[in-house]
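I have placed the structure first, in the form of C-alpha coordinates, so that the comments after it can refer back to it.
The values are calculated or read from the model by the stated rules, or taken from the named source; none is laboratory data. Since this is a predicted model, take the numbers as computed values, not measurements. Reconstructed Cβ throughout: ideal geometry from the backbone, glycine too, with neighbour counts over all protein chains shown. Surface areas here come from the heavy atoms of the whole protein model, side chains and all, with no ligands, DNA or RNA. Shrake-Rupley method; radii C 1.70, N 1.55, O 1.52, S 1.80 Å.
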Amino acid sequence: GRGDQLRPSPMDAQLAATAFAGGVAFAYLLSKAAWKATRRPKGQVIVYYHSECKGFTGRADAIVRMLEHAGVDYVCKGPQEVPESFAKEKGCFAVPFVEFPDGLVLSQSQAIHQHLGTLLGLNPSCPAAA
(Lines give C-alpha, C1' and ligand atoms only; values in the text may rest on other atoms or scores of the structure.)
Protein backbone atom coordinates (compact mmCIF):
# COMPACT_ATOMS: atom_id res chain seq x y z
CA GLY A 1 0.00 0.00 0.00
CA ARG A 2 0.72 3.61 0.35
CA GLY A 3 2.83 3.17 3.55
CA ASP A 4 5.53 1.34 1.57
CA GLN A 5 5.97 4.37 -0.69
CA LEU A 6 6.69 6.65 2.30
CA ARG A 7 9.10 4.34 4.10
CA PRO A 8 12.77 5.13 3.28
CA SER A 9 14.79 2.37 1.75
CA PRO A 10 18.01 1.17 3.44
CA MET A 11 19.92 3.06 0.74
CA ASP A 12 18.04 6.29 1.58
CA ALA A 13 18.93 5.85 5.24
CA GLN A 14 22.60 5.23 4.37
CA LEU A 15 22.74 8.31 2.13
CA ALA A 16 21.12 10.43 4.84
CA ALA A 17 23.60 9.16 7.45
CA THR A 18 26.53 9.84 5.10
CA ALA A 19 25.27 13.35 4.34
CA PHE A 20 24.79 14.04 8.06
CA ALA A 21 28.28 12.74 8.91
CA GLY A 22 29.74 14.79 6.08
CA GLY A 23 27.97 17.90 7.35
CA VAL A 24 29.19 17.29 10.89
CA ALA A 25 32.76 16.73 9.65
CA PHE A 26 32.62 19.92 7.57
CA ALA A 27 31.26 21.91 10.53
CA TYR A 28 34.02 20.46 12.72
CA LEU A 29 36.70 21.48 10.23
CA LEU A 30 35.28 24.99 9.97
CA SER A 31 35.12 25.38 13.74
CA LYS A 32 38.64 23.98 14.13
CA ALA A 33 39.98 26.41 11.52
CA ALA A 34 38.26 29.33 13.25
CA TRP A 35 39.50 28.13 16.65
CA LYS A 36 43.08 27.84 15.42
CA ALA A 37 42.95 31.31 13.95
CA THR A 38 41.92 32.85 17.28
CA ARG A 39 43.75 30.72 19.87
CA ARG A 40 47.29 30.54 18.55
CA PRO A 41 50.03 32.72 20.01
CA LYS A 42 51.18 35.40 17.57
CA GLY A 43 54.76 34.47 16.67
CA GLN A 44 57.00 31.49 17.24
CA VAL A 45 57.16 29.51 20.48
CA ILE A 46 60.59 28.16 21.47
CA VAL A 47 60.86 24.85 23.31
CA TYR A 48 64.24 24.18 24.93
CA TYR A 49 64.95 20.50 25.52
CA HIS A 50 67.62 17.82 25.18
CA SER A 51 68.64 16.93 21.61
CA GLU A 52 66.35 19.66 20.28
CA CYS A 53 63.56 17.03 20.61
CA LYS A 54 65.13 14.99 17.79
CA GLY A 55 64.69 11.31 18.58
CA PHE A 56 64.07 11.96 22.27
CA THR A 57 61.26 14.15 23.49
CA GLY A 58 60.91 12.96 27.11
CA ARG A 59 59.29 15.61 29.29
CA ALA A 60 58.81 17.88 26.25
CA ASP A 61 56.65 15.33 24.41
CA ALA A 62 53.25 16.57 25.64
CA ILE A 63 54.33 20.17 25.10
CA VAL A 64 55.30 19.53 21.48
CA ARG A 65 52.13 17.51 20.83
CA MET A 66 49.90 20.26 22.24
CA LEU A 67 51.62 22.85 20.05
CA GLU A 68 51.32 20.64 16.98
CA HIS A 69 47.67 19.83 17.68
CA ALA A 70 46.84 23.53 17.87
CA GLY A 71 48.87 24.38 14.76
CA VAL A 72 51.24 26.66 16.65
CA ASP A 73 54.50 27.71 14.99
CA TYR A 74 57.31 26.43 17.22
CA VAL A 75 60.95 25.46 17.14
CA CYS A 76 62.95 23.18 19.45
CA LYS A 77 66.40 24.21 20.65
CA GLY A 78 68.93 22.40 22.80
CA PRO A 79 69.79 23.29 26.40
CA GLN A 80 73.08 24.78 25.22
CA GLU A 81 71.03 27.54 23.53
CA VAL A 82 69.15 28.59 26.69
CA PRO A 83 69.87 32.26 27.44
CA GLU A 84 71.75 32.76 30.73
CA SER A 85 69.06 35.20 31.85
CA PHE A 86 66.56 32.33 32.19
CA ALA A 87 68.32 31.01 35.29
CA LYS A 88 69.30 34.36 36.78
CA GLU A 89 66.20 36.45 36.12
CA LYS A 90 63.42 33.93 35.58
CA GLY A 91 64.33 31.17 38.03
CA CYS A 92 64.52 28.38 35.45
CA PHE A 93 66.83 25.51 36.33
CA ALA A 94 66.00 22.38 34.26
CA VAL A 95 64.62 21.88 30.77
CA PRO A 96 62.04 21.87 29.33
CA PHE A 97 61.66 25.64 29.11
CA VAL A 98 59.14 27.28 26.83
CA GLU A 99 59.54 30.85 25.62
CA PHE A 100 56.37 32.48 24.28
CA PRO A 101 56.33 35.30 21.73
CA ASP A 102 55.10 37.77 24.37
CA GLY A 103 58.29 37.17 26.41
CA LEU A 104 56.80 34.79 28.99
CA VAL A 105 59.20 31.98 29.90
CA LEU A 106 58.00 28.91 31.77
CA SER A 107 59.78 25.91 33.21
CA GLN A 108 58.37 22.84 34.97
CA SER A 109 56.41 20.52 32.68
CA GLN A 110 53.13 20.66 34.59
CA ALA A 111 53.10 24.46 34.69
CA ILE A 112 53.77 24.52 30.94
CA HIS A 113 50.97 21.99 30.31
CA GLN A 114 48.50 24.02 32.35
CA HIS A 115 49.41 27.27 30.61
CA LEU A 116 49.25 25.72 27.13
CA GLY A 117 45.94 24.04 27.94
CA THR A 118 44.44 27.38 28.92
CA LEU A 119 46.08 29.36 26.13
CA LEU A 120 45.13 26.89 23.40
CA GLY A 121 41.66 26.05 24.69
CA LEU A 122 42.56 22.43 25.41
CA ASN A 123 41.42 22.29 29.04
CA PRO A 124 38.09 20.61 29.73
CA SER A 125 35.26 23.00 30.58
CA CYS A 126 34.42 20.97 33.70
CA PRO A 127 37.18 20.65 36.34
CA ALA A 128 35.93 17.15 37.24
CA ALA A 129 36.66 16.01 33.68
CA ALA A 130 40.31 17.00 33.96
Seminar exercise, completed: In segment 110-120, anything open to solvent by less than 20 Å² (accessible area, probe 1.4 Å) and part of a helix (DSSP H, G or I) is listed as 112, 116, 117
Exercise. If you go through segment 61-72 one residue at a time, do you hit one that is surrounded by 10 or more Cβ atoms within 10 Å (Cβ to Cβ) and at pLDDT below 90?
Worked result: no
Exercise. Considering segment 51-87 alone, what residues qualify as being basic (Lys, Arg) and within 15 Å of residue 99 (Cα to Cα)?
Worked result: 77
